[in-house]
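This report refers to the structure that appears directly beneath it.
The values are calculated or read from the model by the stated rules, or taken from the named source; none is laboratory data. These numbers were taken from a predicted model, which means no experiment stands behind them. We place every Cβ from the backbone using ideal geometry, glycine too, and count neighbours over all the protein chains shown. Heads up: the accessible areas ignore ligands, DNA and RNA and are worked out on the full protein's heavy atoms, side chains in. Shrake-Rupley method; radii C 1.70, N 1.55, O 1.52, S 1.80 Å.
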Amino acid sequence: MYHHHLLLTLIALLTTLTAEAEGQTQAANAPRNGVPRVVVNILIDQLRSDYLEAFAPLYGQDGFKRLLEKGCVFSAAEYPLANPDRASAAATISTGTTAADHGIVGMYWMNRETLRPMYCVEDRTVRGRVTTDQYSPKWLNVSTVSDELKVATDGEARVYSIAPNADEAILAAGHAADYVVWIDDQTGFWASTSYYGNMPYGNMPAWADYRNSRHSLEQRLKDLVWRPSSNEVGAYSYFLARTPEKPFQHEFNGNRRYISYKTSGLVNEEVAATACMAIETSELGDDAVTDYLAITYVRLDRAIASIISSIEKKTGTEGALVTVTSTGYTEEGSADLSKFRIPTGTFDMTRATSLLGMYLVAVYGQGNYIESTYGTEIYLNHKVLEDKQINISECQSRTQDFLLQLSGVKDVFTSQRLLQGAWTPGISRMRGGFNPQRSGDVSIQVLPGWRIKTTDPNAPVKISRESYVAFPIIFYGTGVEAEKNPVEASVDRIAPTLSKAMRIRAPNACTKAPLR
């Protein structure tokens, strides 16, 4: 059995409380005064508790099994924002707050100035290193755990971030990192950005250069085939659907070969190898200042075990605190529900926007009242409304009333309603994913089971789902006793928990208390 939708974000904070001479005993590497030498935060894209448990027979003893058997497991984890994706989840974990504060409403949002979707880390004021892409944490509005670590150590802490994709690496690291690297989509090389100032312009850390020059993906992908790691894995069946008759294998070729590789399980080996080289050959953990290493990679039990093993060799077996959680969502195929007589339909944003435009013209007279759309969000034309002296809140209210009459619409949220409406659990999560500067004026919630066709002809058709996705938060290591904890735990409490463990301030927009 293989999983092609899992991604890990592993954040390691390496702490050396006193400088030790080579050859000292493992006891000397134990935590001092209850402070762990290493904190590892693992974010797994689309991790589900049932899958984590179902595939347990395939795990080794030093990865997931060790975490589940010896860790404190909060089984009822949740996100404080609606519709999280990889980017907004990573930002929420690292900052300890929601998009209302940190500003990362999703991997993409509509730029009101250019009227085009923009990537959450794009920044035309910086230059790429070993890439033509221009990325930075410019749009991350608040500090992260690693930023606060830099502040607490007056800049002496070393912060590294390693990930397959730029958004993962940058949002895990924050603003003050030393080295942030990811795999470039076009070349397969480890790449970075000039934003992070501790890398001399044009240079990369030695361990990333080594991987690029001696173990480049360009050469390795020519003969690389992705297969199950063993016959047992290939034959393992958990789902009710029939096991494929042909053995699974996938080759990487064509213009999108590096993108394809980054979504495969094999990328774990590349990130794990690069991370271990960074740990072993860099100055991480070599002095009395806490250092920070953020590593993001797609699933693999053995990769988790290898990273933890590599860190423990440097810090001792009692010097690590590990957390594991999920991005809190799943992407599923768009099956045809109608043949099973399950209520369904297609909500077409192009049609809905056209009808809304005609309605607003009928109400307010000629004018282009809709500036743009993105996903199921509508951006009203504020300039036209101001020129016609139309109250924006009134226009939003009329828009909401009209859209609620369309087939397939469950609810409509205006910015006015989100900012000033009465509190409910649903409204709270919608508010958590809303940012006035980046979100639309109106957001449409489509009925569960309905297909969503956006105005982008190249975007895949998605099915609206509101099913509860059970996922855990796991703590393992220093000061943690094995326990199954059914108490609800929000993921924005991970950052203050790690901050407390390191005895530094929580990120500057984090208002939540640490988990006990």
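Okay, residues lined up against (1) open to solvent by 80 Å² or more (accessible area, probe 1.4 Å); (2) in contact with a Phe, Trp or Tyr (Cβ under 7 Å, 6 or more places away or on another chain):
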site: G479; (1), (2): yes, no
site: N485; (1), (2): no, yes
site: D492; (1), (2): no, no
site: A501; (1), (2): no, no
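Flag: V159 matches the condition of being under 19 Å from the mean Cα position of the chain (by Cα) and either more than 16 Å from N508 (Cα to Cα) or β-branched (V, I, T) (or both).
Here region 141-156 is the region considered, the condition is being part of a loop (DSSP other than H, G, I, E, B) and crowded, with 24+ Cβ neighbours inside 10 Å, and the residue that is nearest to the chain's Cα centre (by Cα) is T144. Among the residues of region 319-326, at least one is modelled with pLDDT of 75 or more, within 27 Å of E481 (Cα to Cα) and more than 22 Å from the chain's Cα centre (by Cα).
Of the candidates A21, A12, the single residue that is at pLDDT below 50 and either touching a helix residue (DSSP H, G or I) at 6+ places or on another chain (Cβ under 8 Å) or assigned to a helix (DSSP H, G or I) (or both) is A12. Check whether at least one residue in region 31-45 is polar (S, T, N, Q), more than 27 Å from the chain's Cα centre (by Cα) and either open to solvent by 20 Å² or more (accessible area, probe 1.4 Å) or modelled with pLDDT of 80 or more (or both), and report yes or no. There is at least one residue in region 31-45 that is polar (S, T, N, Q), more than 27 Å from the chain's Cα centre (by Cα) and either open to solvent by 20 Å² or more (accessible area, probe 1.4 Å) or modelled with pLDDT of 80 or more (or both). When the criteria are applied in full, A275 meets the requirement of being assigned to a helix (DSSP H, G or I) and either of a type outside the set (S, T, N, Q) or at pLDDT 85 or above (or both). If the condition is being touching a strand residue (DSSP E or B) at 6+ places or on another chain (Cβ under 9 Å) and within 22 Å of L81 (Cα to Cα), then region 455-465 contributes K462, I463, S464. Taking residues in region 483-503 that are outside any strand (DSSP E or B) and among the small types (G, A, S), and partners anywhere that are open to solvent by less than 20 Å² (accessible area, probe 1.4 Å) and modelled with pLDDT under 90, the pairs with Cβ atoms closer than 8 Å and at least 6 places apart or on different chains are A501/V35; A501/P36; A501/V39; A501/L321. Note on region 447-466: residues that are closer than 17 Å to T350 by Cβ, surrounded by fewer than 16 Cβ atoms within 10 Å (Cβ to Cβ) and either under 24 Å from the mean Cα position of the chain (by Cα) or among the acidic types (D, E) (or both) amount to 5. Of the residues making up region 399-414, one or more are under 27 Å from the mean Cα position of the chain (by Cα) and over 17 Å from F347 (Cα atoms).
Going residue by residue through region 405-420, is there one that turns out to be loosely packed, with under 14 Cβ neighbours inside 10 Å, basic (K, R) and under 30 Å from R86 (Cβ atoms)? No, because not a single residue in region 405-420 is loosely packed, with under 14 Cβ neighbours inside 10 Å, basic (K, R) and under 30 Å from R86 (Cβ atoms). Scanning region 85-114 for residues that are under 27 Å from M204 (Cβ atoms) and either of a type in the set (K, R) or in a helix (DSSP H, G or I) (or both) yields R86, A87, A90, A91, I93, S94, T95. Going through A99, A176, A91, A166 one at a time, which residue ends up being among the small types (G, A, S), in contact with a strand residue (DSSP E or B) (Cβ under 8 Å, 6 or more places away or on another chain) and buried (at least 24 other Cβ atoms within 10 Å of the Cβ)? A166 is the lone residue from the list that is among the small types (G, A, S), in contact with a strand residue (DSSP E or B) (Cβ under 8 Å, 6 or more places away or on another chain) and buried (at least 24 other Cβ atoms within 10 Å of the Cβ).
Look at (1) open to solvent by 20 Å² or more (accessible area, probe 1.4 Å); (2) not in a strand (DSSP E or B) and you find that P117 fails only one, number (2). A Cβ distance below 8 Å, combined with a sequence gap of six or more or placement on separate chains, defines the contacts here; from region 143-169, residues that are under 27 Å from Y261 (Cβ atoms) reach residues that are part of a loop (DSSP other than H, G, I, E, B) and of a type in the set (S, T, Y) in the pairs Y160/S282. Which pairs have Cβ atoms under 8 Å, sit 6 or more apart or on different chains, and link a residue in region 421-435 that is over 16 Å from A87 (Cα atoms) to one that is among the β-branched types (V, I, T) and part of a loop (DSSP other than H, G, I, E, B)? Qualifying pairs under 8 Å: R431/T98.
Against the test of being within 30 Å of E53 (Cα to Cα) and β-branched (V, I, T), the options I474, I452, I444, I427 yield a single qualifying residue, I474. Candidates I444, I378, I390: the one that is assigned to a loop (DSSP other than H, G, I, E, B), more than 29 Å from I494 (Cα to Cα), open to solvent by less than 30 Å² (accessible area, probe 1.4 Å) and out of contact with any Pro (no Cβ under 7 Å at 6 or more places or on another chain) is I390. Pairs are defined by a Cβ separation below 8 Å, a sequence spacing of at least 6 or placement on different chains, a first member in region 44-64 that is under 24 Å from A320 (Cα atoms), and a second member that is assigned to a strand (DSSP E or B) and open to solvent by 50 Å² or more (accessible area, probe 1.4 Å); the pairs so defined are S49/S75.
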